Amino acid sequence: MSKLIVISAPSGTGKTTLCDRLLKDTPELLLSVSMTTRAPRGAEKNGVHYFFVDHAEFKRRIADDGFAEWAEVHGNFYGTTREFVAKAFDEGKSLLLDIDVQGAAQLKTHYPVETVRIFLEPPSMAELERRLRARGTDSEETIAKRLKAAEKEMSEKTRFDHVVVNDSLDHAYLQLSGIVLHAIRGVKVATK
Ligand code: ADP
Ligand code: 5GP
C-alpha cells in the first residue's frame, strides 16, 4: 500500500546515509520533492531538489488548498503539494519525506492511515558532535547551532510513531528498513 514515510533527525545523525541506502534498496519508494519560496542553493535544480516558487505562487496554492502540508521554516515557506502525493499514489509508489515536525503533524491529520513518522536518534550528543566534525562540511559556528537545535528536536521525538537509534549503521538500517517494508509491503522483517 502507498505510504508517506516521514524521517526526521537532528542534523549529523546519519539520515542522508540511511535514506540513500533505503531509496536504493526499495524501488517502490521515491523521494518527495517539496515546493519552497527559498532561493536555490549551489547546484540545486528546480524540480529535482525542490520546486522553487515565489511568495505569490505559494500563497495562491495555500488558498487553493493545494498542499498536503506546509509550514514556515527559518523564514521561508515549504510544502508538499497534493499533486505530488496523488501522482505517486496513482503510480503505486510510496514517498520518503524530509519535512519538519509541524508538517509531519499535518500530514498525519490529512493522511492518517498512510503516514508513518520515524525519528532517527543519535546514540548520544557526544557522538552527534563527533559525526558533525567528522563529516567536515560545517564550520564551528554551524556545528554549535546544530547541536543546540538537536536538543530541541530530541525533545519532540515522542510525537513520532517510531524511534530508531543510529548506533551501528547496519543495525539501524535493519530496523529502519524493517519498519518501512512492513508499512509498504505489509511484510514483517526480522530487525535483530
Ligand atoms: P544527516 O543527513 O543526518 O545530517 P549524514 O548522513 O550526513 O547525516 O551523516 C553524518 C556523518 O556521520 C557522516 O560523515 C556519516 O558518514 C556519519 N555516520 C552516519 N551514520 C553513522 C553511524 N551509524 N556510525 C558512525 N558514523 C555515521
Ligand atoms: P533546507 O532549506 O535546508 O532545504 O530545509 C530546511 C528545513 O525545511 C528542513 O528542516 C526540512 O525538513 C524542512 N522542509 C523541507 N521541505 C519541507 C516541506 O515540504 N514541508 C515542511 N513542513 N518542511 C519542509
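The values are calculated or read from the model by the stated rules, or taken from the named source; none is laboratory data. Please read these numbers as outputs of a predicted model, since none were measured by experiment. No Cβ is skipped: glycine too gets one built from the backbone with ideal geometry, and neighbour counts run over all protein chains shown. Areas reflect the complete protein model, heavy atoms only, side chains present, ligands, DNA and RNA absent. Shrake-Rupley method; radii C 1.70, N 1.55, O 1.52, S 1.80 Å.
Would you pick out the residues in region 16-32 that are of a type outside the set (Asp, Glu), in a loop (DSSP other than H, G, I, E, B) and open to solvent by 20 Å² or more (accessible area, probe 1.4 Å)? Steps first, answer last, please.
Restricting attention to region 16-32, the residues satisfying the condition of being of a type outside the set (Asp, Glu) are 16-19, 21-24, 26-27, 29-32.
Those left that are additionally in a loop (DSSP other than H, G, I, E, B): 26-27, 32.
Passing the criteria: only Pro27.
Does region 38-54 contain any residue that is acidic (Asp, Glu), more than 15 Å from ligand 2 (Cβ to nearest atom) and open to solvent by less than 80 Å² (accessible area, probe 1.4 Å)?
Step one: of region 38-54, the residues acidic (Asp, Glu) are 44, 54.
Next, from what is left, pick out any that are more than 15 Å from ligand 2 (Cβ to nearest atom): 54.
Narrowing the set further to residues that are open to solvent by less than 80 Å² (accessible area, probe 1.4 Å) leaves none.
No: region 38-54 contains no residue that is acidic (Asp, Glu), more than 15 Å from ligand 2 (Cβ to nearest atom) and open to solvent by less than 80 Å² (accessible area, probe 1.4 Å).
Please enumerate the residues belonging to region 26-46 that are within 17 Å of the chain's Cα centre (by Cα) and closer than 19 Å to Ser94 by Cα.
Result: Thr26, Glu28, Leu29, Leu30, Leu31, Ser32, Val33, Ser34, Met35.
Which one is least open to solvent (accessible area, probe 1.4 Å), of the residues in region 88-100 that are assigned to a loop (DSSP other than H, G, I, E, B) and within 19 Å of Glu69 (Cα to Cα)? So that I can check it myself, show each step before the final result.
If we filter region 88-100 for residues that are assigned to a loop (DSSP other than H, G, I, E, B), which is where we start, we get 91-93, 98-100.
Pick out the ones that are also within 19 Å of Glu69 (Cα to Cα) and you get 93, 98-100.
Numbers: Lys93: 57, Asp98: 102, Ile99: 18, Asp100: 45 Å².
This residue is Ile99.
Checking Ile62 against (1) free of Cβ contacts under 8 Å to residues at least 40 places away in the same chain; (2) away from ligand 2 (no atom under 12 Å from the Cβ); (3) surrounded by 15 or more Cβ atoms within 10 Å (Cβ to Cβ): exactly one of these is not met. Which one?
Only one criterion in (1) free of Cβ contacts under 8 Å to residues at least 40 places away in the same chain; (2) away from ligand 2 (no atom under 12 Å from the Cβ); (3) surrounded by 15 or more Cβ atoms within 10 Å (Cβ to Cβ) is unmet by Ile62, namely (3).
Can you spot a residue in region 67-81 that is surrounded by 15 or more Cβ atoms within 10 Å (Cβ to Cβ) and either among the acidic types (Asp, Glu) or away from ligand 2 (no atom under 12 Å from the Cβ) (or both)?
So far as region 67-81 goes, yes, one or more of its residues are surrounded by 15 or more Cβ atoms within 10 Å (Cβ to Cβ) and either among the acidic types (Asp, Glu) or away from ligand 2 (no atom under 12 Å from the Cβ) (or both).
Return the pairs, sorted by first residue and then second, in which the second residue is part of a helix (DSSP H, G or I), the first residue lies in region 154-175 and is more than 19 Å from Val187 (Cα to Cα), the beta carbons are less than 6 Å apart, and the residues are 6+ apart or on different chains.
Every condition considered, the pairs that remain are Glu156/Val101; Val163/Lys157; Asn166/Ala172.
Using beta carbons and a limit of 7 Å, which pairs, at least six apart or on different chains, have the first residue in region 21-50 and free of Cβ contacts under 8 Å to residues at least 40 places away in the same chain and the second one open to solvent by 80 Å² or more (accessible area, probe 1.4 Å) and within 16 Å of ligand 1 (Cβ to nearest atom)?
none
Does region 35-55 contain any residue that is assigned to a helix (DSSP H, G or I) and under 17 Å from Ala183 (Cα atoms)?
Within region 35-55, none of the residues are assigned to a helix (DSSP H, G or I) and under 17 Å from Ala183 (Cα atoms).
For region 1-15, give me each residue that is part of a loop (DSSP other than H, G, I, E, B), open to solvent by 10 Å² or more (accessible area, probe 1.4 Å) and touching a Lys or Arg at 6+ places or on another chain (Cβ under 9 Å).
Within region 1-15, Met1, Ser2, Ala9, Ser11, Gly12, Gly14 meet the criteria.
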